[in-house]
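Scroll down for the structure; my scribbles are underneath it.
The values are calculated or read from the model by the stated rules, or taken from the named source; none is laboratory data. Source: prediction; values computed, not measured. In this analysis, Cβ positions are derived from the backbone assuming ideal geometry, glycine residues included, and neighbour counts consider all displayed protein chains. We work out accessible area using only protein heavy atoms, side chains counted, and drop any ligands, DNA or RNA first. Shrake-Rupley method; radii C 1.70, N 1.55, O 1.52, S 1.80 Å.
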Amino acid sequence: MERVIAETPHGLARLSTRPSLRTYVRSVWERREFAFAMSVGEMRARHSNMILGGLWHVLTPLLLIGVYYLIFGVLLGVDRGVENFIGFLAVGIFVYQFSQRSIVGGSSSISNSIGLIRSLQFPRAILPLSTVFREFLMLRAAAVVTVTVVIVTGEGVSLSWLLVLPLVAIQFVFNLGAALFVARAADRVPDLTNLLPFVFRILFYMSGVLFLVDRFVTDPAIKALFVLNPLYCFVSIPREYMLSTLDQQDVALMWVSVSVWALAAFVIGLVVFRSGESEYGRA
Amino acid sequence: MTTGARPATMVVDDVHVTYHVNEERRPGFRETLRQGFKRPVERSIDAVRGVSFTAYQGEAIGVIGGNGAGKSTLFQVMAGLLPPTEGTIYANSQPALLGVGAALQPKVSGRRNVELGCLALGLSRQELEERLPAIVHFAGLEEFIDLPLRTYSSGMRARLHFAIATAVEPEILLIDEALSVGDAAFKRRSRRRIDELRSKAGTVFLVSHSMRSIRKTCDRVIWMERGVVMVDGPTPEVLEAYRAYTEDPDDD
């Protein structure tokens with residue numbers, strides 16, 4: 001089967017704990033239904049003990065937009081330069097959350113499935129993969145809310161909205177790479193799981209989720225730093241296509257930034273994760 | 001010993017496993033401040049020291065020996081879960097390991113565990129749907145299959161796990177004490193399942209401290225102590241040697 005490589009005595013093949021990268025990726029792909037079943041189950045289980053049940057998949061995003069609008073739009077007034085601040089918030093929050101939850105979830109994906117790991121042989125990369133996929137499924141509900149909010153707040157539907165789809169695909173790859181990386185890191189240093197939420201809290205404010213960076217930052221050198229931040233780009237690109245009155249600079253550069261980040265994260269994450277394949281789940 | 005005429009399913013070639021373990025106790029923060037940071041004491045433990053054997057189609061091989069003999073470690077290596085420090089394993093397919101105390105997913109139902117387990121082992125959705133009733137029936141858990149796994153007794157859990165692992169019909173099955181918690185009826189059923197796998201040219205390995213179940217199930221026994229193979233041969237002879245060894249350790 002998939003772990004086996006070179007030819008040897010008795011016509012048997014050598015059993016390897018370190019399959020080649022290609023074999024490894026193929027064995028993950030062969031078990032994609034497993035990843036899918038894990039994610040769907042976890043998503044359904046999330047609100048299963050609530051009275052309102054699955055309705056929370058829509059209510060949570062709505063409440064979130066409401067709270068952020070109240071604090072940052074009405075009370076603190078950081079909505080300078082943004083005409084449709086509610087739409088601006090909606091797009092930013094959910095795109096940001098997709099990465100945050102995928103990566104924070106990835107860091108505990110191994111420890112959450114310790115029982116499965118100790119009982120069955122399967123490529124462990126399935127676990128971070130199903131975490132990211134679960135967050136993708138959650139994003140769908142949030143996306144429906146976002147699109148509704150954006151339309152209700154007066155934006156016209158246009159074909160350029162479709163450009164958001166390839167962006168989500170790129171973000172998925174980026175999240176997966178980062179989740180694989182932190183899954184391995186957190187397996188070696190469990191304390192990381194406690195640290196990550198704070199990292200994302202800081203990144204939240206540095207990625208322009210709540211304010212239009214172009215309005216506050218004029219120095220081109222500092223702006224270049226923002227473009228180097230993939231989360232800033234993921235948050236800003238869809239706003240450009242979905243909000244007509246926003247006129248951001250550097251959008252083409254942002255596409256380049258996210259593509260390079262996604263590719264690098266995926267390759268590094270996969271290599272780093274696989275190098276620990278035989279160590280996951282050991283006490 | 002074994003008939004060399006049958007094709008081999010697995011070759012274990014001079015396998016060594018050395019664990020490097022840090023001493024367990026971690027100094028507290030205050031202690032570190034007072035005494036400075038010291039590297040934890042590292043100890044190496046030779047769990048398996050040069051084990052070699054060849055397993056053939058249709059064999060049921062018992063592995064016996066005292067606690068700490070290296071049986072479970074050897075199984076981990078044979079399953080491809082633990083890289084050997086030295087030596088190589090050759091096999092005709094990926095072995096399936098059934099360990100003791102395996103937990104699967106305690107919070108979700110037995111049914112869902114069967115689904116996830118089978119998909120994890122590489123069955124397709126369709127194959128899973130076809131085999132699900134048989135798996136549940138084999139485990140004897142029809143009544144309880146929709147209860148969360150954490151409510152199961154250890155015997156019920158072991159039954160479910162065995163049913164999942166054998167549903168994919170592995171050619172090499174490694175059972176580490178996993179049957180010892182099952183009741184008599186399940187032991188009979190699992191023995192039948194083991195015979196089935198053997199008749200389909202599979203090989204079954206069984207670690208057990210019950211000489212009765214070794215005698216009933218296995219035609220060959222490997223006896224290990226302190227990481228090395230003491231005797232490897234037909235069941236009655238090895239069990240006799242083992243009995244002589246354990247019965248009279250010292251004269252007091």
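Ranking B:Val228, B:Val181, B:Leu160 by Cα position along the charge dipole of the range B:79-237, where only Lys, Arg, Asp and Glu carry charges on their C-beta atoms, puts B:Val181 farthest toward the positive end. Comparing the full protein assembly with the isolated chain (1.4 Å probe, heavy atoms, ligands and nucleic acids excluded), the residues of the range A:103-132 losing at least 50 square angstrom of accessible area are A:Leu116, A:Ser119, A:Leu120, A:Gln121. A simple count of charges around B:Asp146, restricted to other residues whose Cβ falls under 11 Å of its Cβ and scoring Lys, Arg +1 and Asp, Glu -1, yields 0. Rounded to the nearest 20 debye, the dipole size of the range A:21-274 about its Cα centre is 1000 debye, using +1 on the Cβ of Lys and Arg and -1 on the Cβ of Asp and Glu.
When Rg and Dmax are taken over the Cα atoms of the protein assembly as shown, they come to 27.9, 94 Å. So if I place +1 on the C-beta of Lys and Arg and -1 on the C-beta of Asp and Glu, and nothing else carries charge, what would the dipole magnitude of chain B be about its Cα centre? I want it in debye, nearest 20. With Lys and Arg at +1 and Asp and Glu at -1, about 900 debye. Rounded to the nearest 0.05, the FRET efficiency derived from the C-beta distance between B:Asp146 and A:Leu55 at R0 = 22 Å is 0.35.
Of the solvent-accessible surface of the range A:140-283, computed with a 1.4 Å probe over protein heavy atoms with every protein chain present, carbon and sulfur atoms account for 73 percent.
Let me check against my output: what whole-number percent is the relative contact order of the range A:187-283, with C-alpha pairs under 8 Å and at least 6 apart? This gives 24 percent for the range A:187-283.
Net charge in the neighbourhood of A:Ile93 (other residues with Cβ under 12 Å of its Cβ; Lys, Arg +1, Asp, Glu -1) is +2.
Keeping to pairs on different chains or 8 or more places apart, tell me how many lysine pairs in the protein assembly as shown have Cα atoms under 23 Å apart. Value for the protein assembly as shown: 5.
Per-residue ellipticity at 222 nm computed for chain A from its helices equals -21500 deg cm²/dmol, with DSSP H segments shorter than 4 residues left out and the rest contributing -39,500 (n - 2.57).
Considering only beta bridges that DSSP places wholly inside the protein assembly as shown, some 65 percent are antiparallel. Restricting to Cα pairs below 8 Å that are 6+ residues apart, what does the relative contact order work out to for chain A? Please round to a whole percent. Relative contact order here is 26 percent. Express the accessible area of the protein assembly as shown per residue in Å², computed with a 1.4 Å probe while the remaining protein chains stay in the model. Value returned for the protein assembly as shown: 49 Å² of accessible area per residue. Toward the positive end of the charge dipole of the range A:21-274, with +1 on the Cβ of Lys and Arg and -1 on the Cβ of Asp and Glu, the farthest Cα among A:Gly92, A:Ile222, A:Gly53 is that of A:Gly53. Spin-label model, A:Val251 to A:Ile202: label points 7 Å out along the Cα-to-beta-carbon direction sit 3.2 nm apart. Would you work out what percent of the accessible area of the range B:79-148, with all protein chains in place, is carbon or sulfur (probe 1.4 Å)? Solvent-exposed carbon and sulfur of the range B:79-148 make up 54 percent of the total. Note on B:Asp14 and B:Gln126: with the Förster distance fixed at 45 Å, the Cβ-Cβ geometry gives a FRET efficiency of about 0.60. With R₀ fixed at 56 Å, the C-beta to C-beta distance from A:Leu192 to B:Ser210 puts the FRET efficiency at about 0.80. Summed over both chains, the contact between B and A buries some 2900 Å² of accessible surface at a probe radius of 1.4 Å. Over chain B, what is the relative contact order in whole percent, taking alpha-carbon pairs under 8 Å and six or more residues apart? Contact order relative to length: 27 percent.
Using the alpha carbons alone, the radius of gyration of chain A stands to its Kirkwood radius in an Rg to Rh ratio of 1.02. Across the range A:23-38, coupling constants 3J(HN,Hα) worked out from phi with the 6.51/-1.76/1.60 Karplus curve, θ = phi - 60°, read 4, 5, 4, 5, 5, 5, 4, 5, 9, 4, 5, 5, 4, 5, 4, 4 Hz, and Gly and Pro carry x. Amide H contacts under 5 Å for B:Leu97: A:Gln121, B:Leu174, restricted to partners 5 or more places along the chain or on a different chain, H placed in the peptide plane at 1.01 Å from N.
Sum up the charges of everything whose Cβ sits under 15 Å from the Cβ of B:Gln57, counting Lys and Arg as +1 and Asp and Glu as -1, but leave B:Gln57 out. Net of charged neighbours comes to -2.
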